[in-house]
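Below is one structure; the comments refer to it alone.
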Amino acid sequence: MLQLPKLKIGDFIPNFPIVQGGMAVRVSTSSLAAAVAEAGGIGIIGATGMAIEEMRAEIREARKLTRGIIGVNIMFAVREFADMVRAAMEEKVDMIYTGAGFSRDIFKWGREAGIPIVSIVSSARLAMAAEKYGAAAVVVEGTEAGGHLGTDRPLFEILPSVREAVKIPVLAAGGIVNGEGISRALKMGANGIQMATRFVLSKECSVSDLFKKMYLKASPEDVTIIPSPVGLPGRALKNSFVDRLLSGNAPKPESCEGCLKQCSGQYCIIDALENSRTGRVDEGVVFVGQNVHQIKDILSVKDIFNNLLYELKHCLGATRVG
Ligand SMILES: Cc1cc2nc3c(=O)[nH]c(=O)nc-3n(C[C@H](O)[C@H](O)[C@H](O)COP(=O)(O)O)c2cc1C
């Protein structure tokens with residue numbers, strides 16, 4: 001029997017210490033999150049880019065599909081951050097993940113509502129601050145991650161210092177696509193892992209087939225870093241939109257709903273992500289993790305879990321971790 005460390009976030013203990021990272025603008029919706037929760041992990045709805053009512057509907061839909069653990073991910077940079085967090089709490093989501101900064105308030109609201117808050121950090125300093133304010137766990141994300149990045153340092157360089165700095169559970173994220181990566185993180189003291197890119201290439205992820213095809217075709221050279229109007233760099237696949245962006249010719253936003261607290265206005269990140277998700281992959285941004293080239297197939301979430309656990313067993317042998 002494979003002995004894995006127990007990941008405990010608040011009162012929740014998933015069967016497996018595997019979290020599916022939240023992915024904004026409808027990449028991780030109820031269908032993916034529920035499938036992950038049903039397989040024994042923690043499924044996260046990426047709420048950034050959704051209207052509040054849409055997020056509520058996604059949480060309710062996920063609840064219909066599974067009795068497993070469902071969280072939401074809401075980026076701090078979003079103007080409606082506080083209202084979205086409150087709405088997610090009213091929907092009694094199991095936990096809330098937040099990255100790209102945090103305020104002390106969210107931890108207070110989490111305490112009042114009895115809902116664990118998980119902070120996404122990229123340094124020991126931020127992990128300590130999150131623990132001090134009341135985070136239930138931290139996700140330490142290295143530069144290999146997809147989407148917006150908080151560091152240029154690799155995960156396995158940062159992980160030991162974060163592990164050392166805090167007592168709360170630590171989840172390792174960025175570039176983990178198989179059992180070997182999970183095993184390495186657990187052996188270094190992580191209580192669990194978060195992965196996202198692997199789950200995009202699942203049957204349950206609702207992005208367009210063209211988006212998934214770009215992932216499947218990607219070589220290491222196809223992955224690059226782009227500027228985002230959020231003010232952080234992002235990891236994405238090269239395409240003609242990214243060429244335009246990097247040569248200073250990104251299309252100016254046609255309209256603006258003021259969705260971010262601060263926006264450079266260089267281009268509209270929400271439109272760019274929505275374009276690629278719906279199949280206009282040359283007119284948008286395709287966020288991706290650095291190790292996408294290691295994934296060769298689109299599988300059901302259940303089969304992804306079976307493979308990960310099989311590989312993990314092989315990597316861990318009879319050793320007990322944690
Ligand atoms: C398409 C995509 C969208 C993402 N959107 C978000 C997001 O909205 N909020 C967030 O905190 N992280 C986001 N991420 C980061 C993931 O949640 C995760 O931590 C990271 O990608 C882990 O690295 P991996 O993809 O190599 O597994 C996104 C990643 C991808 C690939």
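Please treat every number below as a calculation from the coordinates, not as lab data. Worth saying up front: this structure is predicted, and the values here are computed from it rather than measured. So basically every Cβ, Gly included, is an ideal-geometry build from the backbone, and we count neighbours across all protein chains shown.
For the range 238-315, what does the alpha-carbon gyration tensor say about shape, rounded, prolate or oblate, given a ≥ b ≥ c as the root eigenvalues, a/c under 1.5 as rounded, and a/b over b/c as prolate? Taking the square roots of the gyration eigenvalues as a ≥ b ≥ c, the range 238-315 is prolate. Judged by the gyration tensor of its Cα atoms, with axes a ≥ b ≥ c, the range 209-283 is prolate; a/c meets the 1.5 cut and a/b is the larger of a/b and b/c. Relative contact order of the range 148-226, taken over Cα pairs closer than 8 Å and 6 or more residues apart, is 22 percent.
The alpha-carbon positions of the range 95-167 define a convex hull whose volume is 77 Å³ per residue.
Note on His148, His293: ascending count of other Cβ atoms within 10 Å places them as His293, His148, the fewest first.
Using Cα-Cα distances under 8 Å and only pairs 6 or more residues apart, what relative contact order does the chain have, in percent? After rounding, I find 18 percent.
Under a 5 Å amide H cut-off, with hydrogens placed 1.01 Å from N, Leu260 pairs with Arg79 among residues at least 5 apart or on other chains. Dimensions of the range 173-322 based on its C-alpha atoms, expressed as ranges along the principal axes with the largest first, amount to 57, 29, 28 Å.
The value of relative contact order for the range 209-283, using C-alpha pairs under 8 Å at least six residues apart, is 34 percent. Subtracting the Cα-Cα distance of Ala51 and Asp282 from their residue separation scaled by 0.36 nm leaves 80.6 nm. Hydrodynamic analysis of the range 69-191 uses the Kirkwood radius over alpha carbon pairs. Inserted into Stokes-Einstein at 25 °C and 0.890 mPa s, it gives a translational diffusion coefficient of 168 µm²/s.
Neighbour counts of other Cβ atoms within 10 Å put Met75, Met214 in the fewest-to-most order Met214, Met75.
For the chain, the share of DSSP beta bridges that are antiparallel, to the nearest 5, is 25%. Cβ crowding within 10 Å, taken as a proxy for footprinting-reagent exposure, orders Tyr310, Tyr267, Tyr97, Tyr133 from fewest neighbours to most as Tyr310, Tyr133, Tyr267, Tyr97. A crude spin-label estimate for the pair Ser206 and Arg125, with each label 7 Å from Cα along the Cβ direction, gives 4.0 nm. Quotient of the Cα radius of gyration of the chain and 2.2 N^0.38 Å, N being its number of residues: 0.92. Rounded to two decimals, the Cα radius of gyration of the range 1-92 over 2.2 N^0.38 Å is 1.08.
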